[in-house]
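Below: one structure, written as structure tokens.
The values are calculated or read from the model by the stated rules, or taken from the named source; none is laboratory data. What you see is a predicted model; the values in this text were computed from it and never measured. Cβ placement follows ideal geometry from the backbone for every residue including glycine, while neighbour counts extend to all protein chains displayed.
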């Protein structure tokens with residue numbers, strides 16, 4: 001079995017190399033979309049594509065349907081910040 005390695009922080013519970021995470025390349029197909037998240041130095045590699053763009057588009061459509069604009073949302077943000085300052 002071939003192994004894909006990339007440098008990461010040192011974690012003692014990894015058996016192969018304390019500075020490399022191991023992932024069987026048989027799970028990764030050529031052209032497959034992966035998601036790499038950096039959670040403050042802890043890297044998470046997911047075989048599922050990120051859903052952030054789709055969720056952001058849904059939210060933008062919903063807000064536009066309510067008549068909200070970027071300017072109206074920024075104005076509301078300024079007002080809320082002023083209330084809590």
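Structural remarks
- Residue within the stretch 50-61 that is in contact with a strand residue (DSSP E or B) (Cβ under 6 Å, 6 or more places away or on another chain) and either touching a residue at least 60 places away in the same chain (Cβ under 8 Å) or at negative phi (or both) present: yes
- Just so you know, in the stretch 37-52 the residues that are under 20 Å from residue 27 (Cα atoms) and part of a loop (DSSP other than H, G, I, E, B) include one that is nearest to the chain's Cα centre (by Cα), and it is 50.
- Matching residues in the stretch 1-50 - criterion: being modelled with pLDDT of 75 or more and surrounded by 12 or more Cβ atoms within 10 Å (Cβ to Cβ): 28, 34, 35, 43, 45, 47, 49, 50
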